[in-house]
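Sending over a structure as structure tokens; questions will come in a sec.
Bear in mind that the values in this text are calculations on the coordinates, not laboratory data. Just so we're clear, the structure is a prediction, and the values are computed from it rather than from any experiment. When we count neighbours, we look across all protein chains shown, and the Cβ atoms used for this are built from the backbone with ideal geometry, even at glycine.
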Ligand SMILES: [Zn+2]
């Protein structure tokens with residue numbers, strides 16, 4: 001029973017179905033709170049035009065958890081590369097559905113950074129493709145059992161901690177505008193070179 005309940009909660013959490021009581025969910029400009037027991041909370045500033053974040057990052061002591069953020073929007077919404085790089089995988093699997101991984105190369109410390117996009121409705125790039133920041137790579141969807149039927153983009157950011165070993169980090173730590181400053185993609189706004197920085201992977205209205 002306990003195992004069963006834990007599993008259900010885990011699936012609901014992973015799929016972004018748990019919205020904390022008392023929060024008002026909006027389509028734009030809203031970000032849900034961090035889990036109360038998550039000790040690395042970041043003040044998140046959402047542009048009013050940005051599609052909302054329905055679940056934040058957390059990692060349990062055993063390494064499991066919700067290792068990305070969930071962005072809610074309609075099925076078919078263009079999904080944009082959060083930074084430039086090379087597609088290293090693009091495929092379908094039952095749990096996370098259509099998924100794409102982009103390798104962004106080494107950051108300022110010489111460690112490679114990756115972004116992962118899950119539950120996509122369709123994939124527009126194949127393994128090996130080079131992509132620019134802001135380029136459409138896919139459409140948002142609800143594919144994969146862990147999407148729970150809810151249309152959303154699950155975005156992960158992974159950092160190489162030692163050669164070929166990657167660890168998910170909170171995407172809110174690497175926005176182009178600064179920690180916690182969700183940054184819409186704007187082709188006219190320059191991004192400071194140097195540290196690895198991401199922009200929002202769906203268009204702001
Ligand atoms: Zn997710």
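In what sequence do 120, 67 fall when counting other Cβ within 10 Å, fewest first? Before the final figure, lay out the partial values.
Working: 120 26, 67 20.
By the 10 Å Cβ count, ascending, the order reads 67, 120.
Using only Cα atoms, find the angle between the long axis of helix 2-14 and the longest principal axis of the chain, and express it within 0 to 90 degrees, rounded to the nearest 10.
The angle comes out near 40 degrees.
Could you work out how far apart the two model spin labels at residue 45 and residue 91 are, taking each label as a point 7 Å from the Cα in the direction of the beta carbon, and quote it in nm?
Result: 4.1 nm between the two label points.
Continuing with the same structure: Go ahead and estimate [θ] at 222 nm for the chain from helices alone: -39,500 (n - 2.57) per DSSP H run with n ≥ 4, summed, over the residue count, rounded to 500. Intermediate values should be presented prior to the final figure.
Working: 1 runs with 13 residues, N = 205.
When only DSSP H runs of four or more count, the value is -2000 deg cm²/dmol.
Where does each of 169, 75, 100 land when they are ranked from fewest to most other beta-carbon atoms within 10 angstrom? It would help to have the intermediate numbers written out before the result.
Values: 169 20, 75 13, 100 25.
Ascending Cβ contact count within 10 Å gives the list 75, 169, 100.
What's the extension gain from residue 33 to residue 108 if we count 0.36 nm per residue and subtract their Cα-Cα distance?
Numbers: separation 75, 0.36 × 75 = 27.00 nm, distance 3.01 nm.
Full-extension gain reported as 24.0 nm.
How many percent of DSSP beta bridges within the range 91-202 run antiparallel, rounded to 5? Numbers along the way, then the final one.
Details: 23 of 24 bridges.
Roughly 95 percent of the beta bridges in the range 91-202 run antiparallel, per DSSP.
Averaging over all projection directions, find the projected area of the Cα convex hull of the range 123-193 and quote it in nm² with one decimal place.
Values: hull surface 27.1 nm².
Averaging across all directions leaves 6.8 nm² for the Cα convex hull.
I want to verify the translational diffusion coefficient of the range 2-173 in µm²/s; compute it with Stokes-Einstein, Rh as the Kirkwood radius over Cα pairs, at 10 °C and 1.306 mPa s.
Working: Rh = 16.5 Å.
Stokes-Einstein gives a translational diffusion coefficient of 96 µm²/s.
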